[in-house]
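**Q** Below: one structure in structure tokens.
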Amino acid sequence: FMIIMCQVFDVTQGTRFYQHRSGGYDFFAATDGSLAFVTGDFKENVTDDVSSLPPTQLYQLEGWVRDTYHAKYSYKGLLEGYFYDRRGRQTREMRQIQKLLKQEAIDMEKRKEDEIMYPKCNSKRAKGINIVWCKDHMVPRKRSVYGGTERCACIKDADTADADPVHNVPYLNCPRTNSTCPRS
């Protein structure tokens with residue numbers, strides 16, 4: 001059995017992954033290690049307390065539970081802990097996570113729309129070269145997007161990019177009209 005987000009799954013069909021000492025996930029057998037599942041820190045983070053995770057990682061965790069564990073394995077029930085109480089009711093923390101997940105789903109859609117309007121930059125990082133660039137005379141900018149994340153975006157031209165300095169931040173040591181910039 002494996003426990004994730006206080007949900008118990010029979011993972012017998014995935015024995016090669018979960019069997020003690022032979023698989024990579026055997027430490028999930030006796031405890032809910034949801035935080036470690038996301039962070040990959042299987043020494044310090046084997047806990048169900050995911051309060052340190054940002055909404056994007058909570059969304060990923062919930063996606064694993066929904067799209068992998070519920071889809072592939074037999075669901076057996078709930079374990080009392082961070083997400084559910086002893087009666088199987090959502091805890092205050094789980095209700096808060098549900099709100100964050102709803103907002104993250106909205107933010108993800110907005111980020112997808114933003115990426116259509118402002119495509120991702122190309123980038124290269126190797127042997128002392130660390131640059132970003134855009135094609136078709138577009139200019140690269142650090143773009144703040146929904147949910148507080150930042151990415152390199154290609155903007156139609158410098159005037160359009162500079163019209164929104166809050167969301168489109170120029171790269172340091174790069175002329176405003178350059179299509180290639182050093183990444184700092």
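**Q** Somewhere in region 117-137, is a residue farther than 30 Å from residue 184 by Cβ and among the polar types (S, T, N, Q)?
**A** So far as region 117-137 goes, no, none of its residues is farther than 30 Å from residue 184 by Cβ and among the polar types (S, T, N, Q).
**Q** Right, another one. Please determine, by comparing only the residues of region 168-181 that are outside any loop (DSSP other than H, G, I, E, B) and farther than 14 Å from residue 131 by Cα, which one is most open to solvent (accessible area, probe 1.4 Å). First the steps, then the outcome.
**A** Restricting attention to region 168-181, the residues satisfying the condition of being outside any loop (DSSP other than H, G, I, E, B) are 168-169, 180-181.
Narrowing further to those that are farther than 14 Å from residue 131 by Cα: 168-169.
Numbers: 168: 5, 169: 54 Å².
If we take residues in region 168-181 being outside any loop (DSSP other than H, G, I, E, B) and farther than 14 Å from residue 131 by Cα, then 169 is most open to solvent (accessible area, probe 1.4 Å).
**Q** Could I ask something else about it? Considering each residue of region 127-167, count those that are part of a loop (DSSP other than H, G, I, E, B), touching a strand residue (DSSP E or B) at 6+ places or on another chain (Cβ under 9 Å), open to solvent by 70 Å² or more (accessible area, probe 1.4 Å) and free of Cβ contacts under 8 Å to residues at least 24 places away in the same chain, and give that number.
**A** Residues in region 127-167 being part of a loop (DSSP other than H, G, I, E, B), touching a strand residue (DSSP E or B) at 6+ places or on another chain (Cβ under 9 Å), open to solvent by 70 Å² or more (accessible area, probe 1.4 Å) and free of Cβ contacts under 8 Å to residues at least 24 places away in the same chain: 3 in total.
**Q** When only residues in region 66-121 that are touching a Cys at 6+ places or on another chain (Cβ under 6 Å) and closer than 21 Å to residue 138 by Cα count, which is surrounded by the fewest Cβ atoms within 10 Å (Cβ to Cβ)?
**A** 119
**Q** Given the residues 43, 124, which is the only one that is touching a strand residue (DSSP E or B) at 6+ places or on another chain (Cβ under 7 Å) and either open to solvent by 40 Å² or more (accessible area, probe 1.4 Å) or within 30 Å of residue 176 (Cα to Cα) (or both)?
**A** 124
**Q** I've got another one for you. Taking the stated definitions as given, is residue 34 within 30 Å of residue 144 (Cβ to Cβ), in contact with a Ser or Thr (Cβ under 9 Å, 6 or more places away or on another chain), modelled with pLDDT of 95 or more and open to solvent by 60 Å² or more (accessible area, probe 1.4 Å)?
**A** no
**Q** A follow-up question, please. So residue 48 fits all but one of (1) crowded, with 16+ Cβ neighbours inside 10 Å; (2) under 30 Å from residue 169 (Cβ atoms); (3) in contact with a Cys (Cβ under 9 Å, 6 or more places away or on another chain); what number is the exception?
**A** (2)
The values are calculated or read from the model by the stated rules, or taken from the named source; none is laboratory data. Note that the coordinates shown come from a computational prediction; the quantities given were computed from them, not determined experimentally. Don't worry about glycine lacking a Cβ; one is built from the backbone with ideal geometry, like all the others, and counts go over all protein chains shown. Ligands, DNA and RNA are excluded from the accessible area calculation, which covers all protein heavy atoms including side chains. Shrake-Rupley method; radii C 1.70, N 1.55, O 1.52, S 1.80 Å.
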